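The values are calculated or read from the model by the stated rules, or taken from the named source; none is laboratory data. The model shown is predicted, which means the values in this text are computed figures rather than measured ones. Neighbour counts run over all protein chains shown; Cβ positions are idealised from the backbone, glycine included.
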Amino acid sequence: MFHVVFALILVNPSVKVKFQKVFDEKFDYPVFLVQNPLFDDTFYVVEQVGIVKACKSGEKCSTFLDIRDRVDFGGEKGLFSIAFSPWFKQDGRIFVSYTNKYGYSIISFFVSSDRRSSIDKKEEKIILKLRQPFPNHNGGMIGFGPDNFLYIAFGDGGAAGDPLNYGQNKKILHGKILRVDVRNFPYSVPEDNPFYGDALCGLGQKPKNACSEIFSYGLRNPWRFSFDRETGKIYTGDVGQDRWEEIDLVEKGKNYGWNCYEGFERFKKCEANEEFAFPITTYPLKDGNCSVIGGYVYRGKKIQPLYGKYIFGDYCSGKIWYLDLNTNQYFMLQDTKFFISSFAEDKEGEIYVIDHRGGEIYKIISDD
């Protein structure tokens, strides 16, 4: 199958936004923001160096979790994201994703006794370890879906061009989005996972055909994914090689093509007889663009023209776009000077943007 793609970036002057600084202090390489599920006034800022800070607007942030003693920070390594258990009120579990000092990606959890400001970092429970052959393309996003299962994103193992061919190898967890059930330690997998019944590769079992944890595969580096709170659909930004960045609608059992395809274009000849799921849209690696940062479908009430649109951006250029999911056309929202490491969503559906190098966090608000 051959696709010709013309990337057309449109501008809609009727959508005007500005950025409102959320916290007074600067953070140390911030990469993630999430709101406490029980206390609306408390947010947690994840610093890539290995610290999570608890913050309230107008107050000085405090250190909630400090695991710098086990996090390997630098480049594409570090502490990436956290996720609150769907049963947080009862179990107090906070899941984390990071790279450790021995070359592994770690998915683990800690328990907060007061569900707000206290956590015991000595009582870490590791549920999954994945050896990383190279220091880049670690993925790093974790999140609970509306089905209460934990979704985990891993990149293809790193280097360039997927030299180990991990993206298309279903017997490897690299280059995949996983879905696991963490109600029992360390985890099981849902019965409707596409390869249910085969081995649990993350627990050291050897698969016959494919790892049971896999939800979807053929991804290069899905740094950020999110769930549309209205439809439950999953969207991710998958970082490209050297020509195209892409946005994917992630669906169960689908193969997103890497490293046979980059975006819609053939990357290398693949002999596997597979059907590929192609992106919703792509944008070219030019004009300062370098890495897509997947965002969120806007479901807030403050910026009505953006309702139902998918907001995403690029790390290097600082450009922020919104994607019309009905037409698959994307429009320029704002050309910023931010080095965007992540977007975030609060309980009201409002969207935030994180400036990695500037160390600040902003809320996207209407400028009308």
- Considering the stretch 76-87, residues that are part of a loop (DSSP other than H, G, I, E, B) and at negative phi, and then whichever is surrounded by the fewest Cβ atoms within 10 Å (Cβ to Cβ), we arrive at W87
- Task: Could you tell me which residue of the stretch 15-72 is modelled with the lowest pLDDT, considering only residues that are touching a Pro at 6+ places or on another chain (Cβ under 8 Å) and among the aliphatic types (A, V, I, L, M)?
- Result: V15
- Query: Can you name every residue in the stretch 49-60 that is over 20 Å from the mean Cα position of the chain (by Cα) and either more than 14 Å from F32 (Cβ to Cβ) or β-branched (V, I, T) (or both)?
  - Reply: K56, S57, G58, E59, K60
- Query: Tell me, which residue of the stretch 329-368 that is crowded, with 19+ Cβ neighbours inside 10 Å and among the small types (G, A, S) is nearest to the chain's Cα centre (by Cα)?
  - Reply: S342
- Message: Against the conditions (1) in a loop (DSSP other than H, G, I, E, B); (2) touching a strand residue (DSSP E or B) at 6+ places or on another chain (Cβ under 9 Å), where does D114 fall short? Just the number, please.
- Response: (2)
- Unique match (being part of a strand (DSSP E or B) and of a type in the set (D, E)) among E246, E275: E246
- Complete set of residues in the stretch 88-111 that are in a loop (DSSP other than H, G, I, E, B) and among the aromatic types (F, W, Y): Y102
- Quick one: in the stretch 298-346, which of the residues that are acidic (D, E) and in contact with a Ser or Thr (Cβ under 9 Å, 6 or more places away or on another chain) is nearest to A83 (Cα to Cα)? E345
- In the list S366, S342, which residue meets the criterion of being farther than 27 Å from V49 by Cβ, of a type outside the set (V, I, T) and either in contact (Cβ under 8 Å) with a residue 40 or more places away in the chain or touching a Cys at 6+ places or on another chain (Cβ under 9 Å) (or both)? S366
- Query: Using beta carbons and a limit of 8 Å, which pairs, at least six apart or on different chains, have the first residue in the stretch 156-168 and over 9 Å from H137 (Cα atoms) and assigned to a loop (DSSP other than H, G, I, E, B) and the second one modelled with pLDDT of 95 or more and aliphatic (A, V, I, L, M)?
  - Reply: Y166/I172; G167/L219
